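The values are calculated or read from the model by the stated rules, or taken from the named source; none is laboratory data. The structure displayed is predicted, hence computed values, not measured ones. So basically every Cβ, Gly included, is an ideal-geometry build from the backbone, and we count neighbours across all protein chains shown. Areas reflect the complete protein model, heavy atoms only, side chains present, ligands, DNA and RNA absent. Shrake-Rupley method; radii C 1.70, N 1.55, O 1.52, S 1.80 Å.
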Amino acid sequence: MNHTDRPSAPTDPTADPTAEATDGRQRLGRLDQIRATFERLKGLETEHGFGNILVDGTPLEQFPGVPEAAFEVFRIVGRIEGSNFRFEPPSEMRSAAVFRARPDDANDPLGPALSIGSELYSVPERLRGEIRSGAGINLDLEDADVYYIDPDDYVFLYEHPDEEVDVHVLAPDIVTFFDEFVLGAGYPELVETILGPAVRERRVRKGRCRGQYEDTWLRLLVTAGLAS
């Protein structure tokens with residue numbers, strides 16, 4: 001998908017209230033699923049010790065400018081970190097004052113967004129104390145979708161805003177993203193999209209986890225029966 005084709009959020013003032021109510025119930029159902037799955041994965045990680053980090057969310061006070069769903073998700077999930085990805089609430093969500101004080105780049109070709117996760121694969125383990133993360137996974141603050149763009153493509157687009165590059169819209173909203181692509185069967189697709197299919201297939205060569213996936217988060221999801 002190129003950057004000119006990204007879907008826009010509906011703005012029809014005559015939108016069907018019944019449909020909106022249905023969407024709200026579906027979102028609450030997904031949030032309940034996220035909560036239950038997260039609790040289950042914490043227990044399995046404690047049992048197996050794959051090396052993943054799962055931290056509970058904290059109360060976050062909602063304020064304008066950030067989709068409500070982001071606060072709902074991060075009240076459940078405070079941090080998820082495996083060998084290849086980290087997901088956590090961006091610092092801009094700590095308060096309205098911090099959000100308003102964030103740098104505002106009017107020339108950003110993709111518009112305002114917050115990084116809700118990042119890949120770790122490109123950062124050597126010995127340097128992760130110095131380099132926090134690699135490329136980010138972003139929440140669009142206007143359309144509310146979750147997307148990824150290769151950093152080199154972003155630089156090119158910033159310098160050539162009339163050109164077309166691939167912008168991977170991963171999910172239409174953050175709740176769907178966490179339910180399906182972080183905690184569910186869509187996680188291997190996320191790995192392939194951002195890191196490539198070769199990374200997804202890499203296996204441990206020796207030790208007690210020999211033959212299992214190198215990706216510790218995928219290993220946990222497979223153990224839980226949530227991915228394959």
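Taking Pro151, Pro67, Pro172 as the candidate residues, the one with maximal mean-square fluctuation in a Gaussian network model of the chain, Cα springs under 10 Å, is Pro151.
On a 1.4 Å probe surface of the protein chains, which of Glu88, Glu163, Glu125, Glu45 comes out largest in accessible area, and what is the full order?
Putting Glu88, Glu163, Glu125, Glu45 in descending order of accessible area: Glu125, Glu163, Glu88, Glu45.
Charged neighbours of Arg202, selected by a Cβ distance under 14 Å, balance to +2 (K, R count +1; D, E count -1). So, R0 is 25 Å and r is the distance between the beta-carbons of His48 and Lys206; what FRET efficiency does that work out to, to 0.05? Plugging the Cβ-Cβ distance into 1/(1 + (r/R0)^6) gives 0.90. For q values of 0.14 Å⁻¹, compute log₁₀ I(q)/I(0) with the Debye formula on a Cα-only model of the chain, without solvent. Per q value, in the given order, log10 I(q)/I(0) is -0.97.
Connecting C-alpha atoms closer than 10 Å in a GNM of the chain, tell me which of Leu190, Leu218, Leu157 has the biggest fluctuation. Comparing Leu190, Leu218, Leu157 in a Gaussian network model of the chain, the most mobile one is Leu157. Rolling a 1.4 Å probe over the protein heavy atoms gives the chain an accessible area of 54 Å² per residue. Between the alpha-carbon centres of region 82-128 and region 157-228 there is a gap of 18 Å.
Ignoring any ligand, DNA or RNA, what whole percent of the accessible area of the chain comes from carbon and sulfur when the probe is 1.4 angstrom?
Numbers: 5890 of 12270 Å².
Carbon and sulfur together cover 48 percent of it.
Which value results for Rg/Rh of region 92-208 when Rg is the Cα radius of gyration and Rh the Kirkwood radius based on the inverse mean 1/r?
Values: Rg = 16.1 Å, Rh = 16.1 Å.
For region 92-208, the value is 1.00.
Normalised by residue number, the volume inside the convex hull of the Cα atoms of region 21-66 is 103 Å³ per residue. Look at the Cα gyration tensor of region 145-228: its axes a ≥ b ≥ c give a/c of at least 1.5 with a/b at or below b/c, and that counts as oblate.
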